[in-house]
1. Do you know which residues across the stretch A:65-78 are closer than 17 Å to residue A:196 by Cβ and modelled with pLDDT under 85?
2. Would the stretch B:106-116 turn up any residue that is at pLDDT 95 or above and buried (at least 21 other Cβ atoms within 10 Å of the Cβ)?
3. Could you give me the residue pairs with C-beta distances under 6 Å whose first residue belongs to the stretch B:34-59 and is more than 21 Å from residue A:190 (Cα to Cα) and more than 8 Å from chain A (Cβ to nearest Cβ), whose second residue is assigned to a loop (DSSP other than H, G, I, E, B) and modelled with pLDDT of 80 or more wherever it lies, and which are 6+ apart or on separate chains?
4. Considering the stretch A:437-474 alone, what residues qualify as being touching a helix residue (DSSP H, G or I) at 6+ places or on another chain (Cβ under 7 Å) and not in a loop (DSSP other than H, G, I, E, B)?
5. At negative phi, more than 14 Å from every other protein chain (Cβ to nearest Cβ) and not in a strand (DSSP E or B) - does that describe any residue in the stretch A:357-368?
6. Could you check how many residues of the stretch A:221-266 are touching a strand residue (DSSP E or B) at 6+ places or on another chain (Cβ under 9 Å) and part of a loop (DSSP other than H, G, I, E, B)?
7. Identify, by number, the condition in (1) surrounded by 24 or more Cβ atoms within 10 Å (Cβ to Cβ); (2) over 24 Å from the mean Cα position of the chain (by Cα) that residue A:310 doesn't meet.
8. Could you tell me which residue of the stretch A:197-220 is nearest to the other protein chains (Cβ to nearest Cβ), considering only residues that are part of a loop (DSSP other than H, G, I, E, B), closer than 26 Å to residue A:187 by Cα and touching a helix residue (DSSP H, G or I) at 6+ places or on another chain (Cβ under 9 Å)?
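The values are calculated or read from the model by the stated rules, or taken from the named source; none is laboratory data. No experiment lies behind these values; they were computed from the predicted model shown. Reconstructed Cβ throughout: ideal geometry from the backbone, glycine too, with neighbour counts over all protein chains shown.
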């Protein structure tokens with residue numbers, strides 16, 4: 001019997017793979033989702049409500065029921081990183097698509113905001129995004145559930161920022177503030193990034209794939225780590241080859257179309273491993289993750305005040321970019337998230353001065369006032385920031401280790417210095433005692449590595465994530481973004497995935513693949 | 001008048017039904033879901049730290065005493081066991097603690113009264129606060145303070161009873177902030 005040939009084989013089941021699988025299945029397309037990890041039971045596999053003192057080593061294990069560790073690097077498990085994300089969901093603004101035209105640095109996108117706007121709306125309508133209608137050009141409004149009220153600390157920051165002419169808005173998150181889609185509303189237990197045990201926070205399994213399993217169009221191939229994508233004489237890819245995570249047995253699944261949606265760095269690693277899509281020589285290049293700064297402070301009006309239950313769903317407010325409209329000595333911009341840690345960790349206590357009863361009092365007084373200001377900057381591409389395979393080192397599956405080379409170029413350094421300086425200024429205007437100002441940028445959301453573009457000599461894929469070199473090989477994720485924006489990117493990944501789904505349905509209907 | 005109200009209500013009913021069907025067509029949600037059964041178990045009393053294996057009995061007593069002088073309450077939360085847990089995996093910490101314990105021993109720390117013990121530690125605290133961490137005893141103090149704080153504020157006694165942690169609950173709505181303006 002000949003092996004089954006699926007219409008579309010998707011590698012990875014996170015925000016991109018899950019969105020794509022659901023949209024294709026809904027249109028009647030036969031999909032196989034190949035996931036490197038096991039099924040995650042949302043309700044029982046996370047330690048959402050864990051406290052450190054419930055565990056003998058005072059460390060809350062990420063997973064229960066002997067599930068393998070999840071981490072944000074190579075997350076393997078159904079739902080991928082969407083299980084652990086913080087759910088911040090911005091639309092990119094019109095300027096984010098034309099960075100080169102505006103600044104002369106980096107790249108323009110082959111599409112504009114207008115091309116993606118309808119797809120942002122599709123995602124908002126089907127996953128549920130809460131937020132306020134703010135009427136900002138750079139942070140376009142969408143279809144929102146009511147926002148969660150701001151915390152007292154956010155209101156203090158909002159007032160401080162207002163003194164400097166800066167606007168602080170409600171955060172927008174793919175977390176339900178009202179029961180919808182059969183999922184309950186958030187109950188504000190304050191531990192979103194440990195995995196939401198009720199799926200009030202969107203994840204791609206509960207939010208996209210699971211409701212469509214009954215169509216019978218989605219086949220899950222779990223615990224299967226893809227290491228190769230063979231191609232035929234016509235330069236078309238034909239299948240994915242995988243190793244079973246547990247048994248190490250090898251296998252193959254055939255498809256008319258292959259989509260790599262295994263997250264930015266892994267997608268790039270897979271293209272490099274398989275030797276695909278690299279006629280431009282740009283696979284691995286243009287790696288430009290977000291970088292974060294950070295200022296820790298104590299808000300004076302809250303020092304010594306009674307402790308309240310204000311963990312909420314972590315950050316409730318946001319400082320949108322404003323520097324893109326002002327005179328500055330760098331390209332691009334930055335924005336800031338606030339306080340997305342919860343109050344379960346008091347790691348800062350040890351850094352306060354003193355000892356004895358006075359020390360404990362100082363910690364206790366500052367406990368309700370602790371605040372972390374976390375600005376995010378947009379990195380611009382440079383030749384020293386790239387993803388490569390290690391020529392020697394192999395992981396436990398025998399696959400090459402992936403090396404992320406990162407260099408903070410002059411523009412990155414200028415943004416970092418400016419965002420740190422202005423973060424301190426806003427905190428001071430809000431009446432804060434500055435505790436610690438981070439000295440070095442830290443990489444965050446991974447972007448770039450096989451970017452989209454019109455010119456096949458300078459880019460790897462088109463705006464649908466289709467590789468310029470192979471007509472039936474696609475990739476979705478951070479790796480295809482030609483510029484990072486300073487905005488959290490997942491909403492854009494999902495909008496792009498929904499757009500690609502419609503494109504694939506059309507191609508399959510026409511018999512093009 | 002009454003008729004208009006009726007029509008309005010009917011319209012609304014129809015809209016509601018269309019709305020529901022729309023959602024179900026888009027995402028035929030399985031009716032068997034168990035989200036409603038979410039049971040929020042409040043955090044337990046806490047479990048003890050593992051039995052210390054690295055430090056000797058008398059060293060543990062000294063460490064608990066030092067910790068308690070830096071973070072009152074730390075000894076009751078048995079922070080020495082936390083120090084043991086951290087140190088046994090880290091040769092660097094082991095050296096720091098060994099040197100610190102020898103330094104205290106040489107000065108007769110365990111036979112001192114409280115004022116004398118504080119008198120011995122206070123200058124170390126002041127130096128460390130100024131960022132002056134050169135001598136073995138200063139390094140020891142910094143490590144002891146860090147672990148005393150970490151160990152205590154991750155205990156139920158420290159986090160819940162002392163700091164008054166209120167989170168990890170089930171709220172039907174996030175409460176609006178009321179800032180006392182006047």
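1. A:65, A:67, A:70, A:72, A:75
2. no
3. Matching pairs, first to second residue: B:54/B:88.
4. Correct list: A:437, A:452, A:461, A:474.
5. no
6. Total satisfying the criteria: 10.
7. Only one criterion in (1) surrounded by 24 or more Cβ atoms within 10 Å (Cβ to Cβ); (2) over 24 Å from the mean Cα position of the chain (by Cα) is unmet by residue A:310, namely (1).
8. Within the stretch A:197-220, the match that is nearest to the other protein chains (Cβ to nearest Cβ) is A:198.
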